[in-house]
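Here's the structure, in structure tokens; my notes come after.
The values are calculated or read from the model by the stated rules, or taken from the named source; none is laboratory data. Just so it is clear, the model here is predicted, and its values are computed rather than measured. Methodologically, a virtual Cβ is constructed for each residue, glycine included, from the backbone with ideal geometry; neighbour enumeration extends over all protein chains shown.
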Amino acid sequence: KNQVEQSPQSLIILEGKNCTLQCNYTVSPFSNLRWYKQDTGRGPVSLTIMTFSENTKSNGRYTATLDADTKQSSLHITASQLSDSASYICVVSGSSGGGADGLTFGKGTHLIIQP
Amino acid sequence: EAGVAQSPRYKIIEKRQSVAFWCNPISGHATLYWYQQILGQGPKLLIQFQNNGVVDDSQLPKDRFSAERLKGVDSTLKIQPAKLEDSAVYLCASSALRQSHYGYTFGSGTRLTVV
């Protein structure tokens, strides 16, 4: 069964600190992996998309890594800001996996940045 | 480029009432998705359209939920009658190509509260 597991479930850090969120997946065959940021009550916004051949991709203070061999990904946030408080969702796209949309969603990590 | 538009942004109704949500996808996107996202969980696919045809609605509770995409552009999702457990954020997404999810983008969602 295709699954995406994220950890931790929730995280609280002080403003200015760094943090790393984890995503492990079992989706096969693999097409790409995406990280989304979702503010409360809003739709998810794409941060990064990585294919099999990419092992790192940055978007400002966000850096995602992908190890396709171990089926693990991480999202590193540098110098956190209050506006980073949100849920971060890992989504894996497989050509035949997941739902009819080919996507398997993680449950997200709820990140809170404290001043 | 305009994003995926959804309305209303918020809706509060009593149980057993009816409600409808509207989605306007990105221009030219053939594939449209409706998701239900319960608090603390990842989005769950309800229905997927390719142009004006249904690709998959296996997870749509058809006794109370219905959706249509007339003319292959805008879409509406209806709940009749609503139950307390329908309280969630309803997300619409669209993509240009079904398999590669090219341009896959979420709308801001409609937050439904059933009381």
Requested in this report: Check B:K71, B:K44, B:K11 and return the single one that is more than 10 Å from chain A (Cβ to nearest Cβ) and modelled with pLDDT of 90 or more.
Outcome: B:K11
**Report entry** Matching residues in the stretch B:61-91 - criterion: being in contact (Cβ under 8 Å) with a residue 60 or more places away in the chain, hydrophobic (A, V, I, L, M, F, W, C) and loosely packed, with under 15 Cβ neighbours inside 10 Å
**Finding:** B:L84
**Report entry** Listing of strands (runs of 3 or more DSSP E) fully contained in the stretch B:9-97 that carry 2 or more residues being of a type in the set (F, W, Y)
**Finding:** B:19-24, B:31-37
Report task. Identify the residue in the stretch B:14-41 that is among the polar types (S, T, N, Q) and within 13 Å of chain A (Cβ to nearest Cβ) and, among all such residues, is surrounded by the fewest Cβ atoms within 10 Å (Cβ to Cβ). Result -> B:Q41
Query raised in the report: Which residue, of A:Y62, A:Y36, A:Y88, is surrounded by fewer than 19 Cβ atoms within 10 Å (Cβ to Cβ), among the aromatic types (F, W, Y), touching a Leu at 6+ places or on another chain (Cβ under 7 Å) and modelled with pLDDT of 90 or more?
Result: A:Y62
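Only one of these is assigned to a loop (DSSP other than H, G, I, E, B), crowded, with 16+ Cβ neighbours inside 10 Å and among the acidic types (D, E): A:D101, A:D69. Name it.
A:D101
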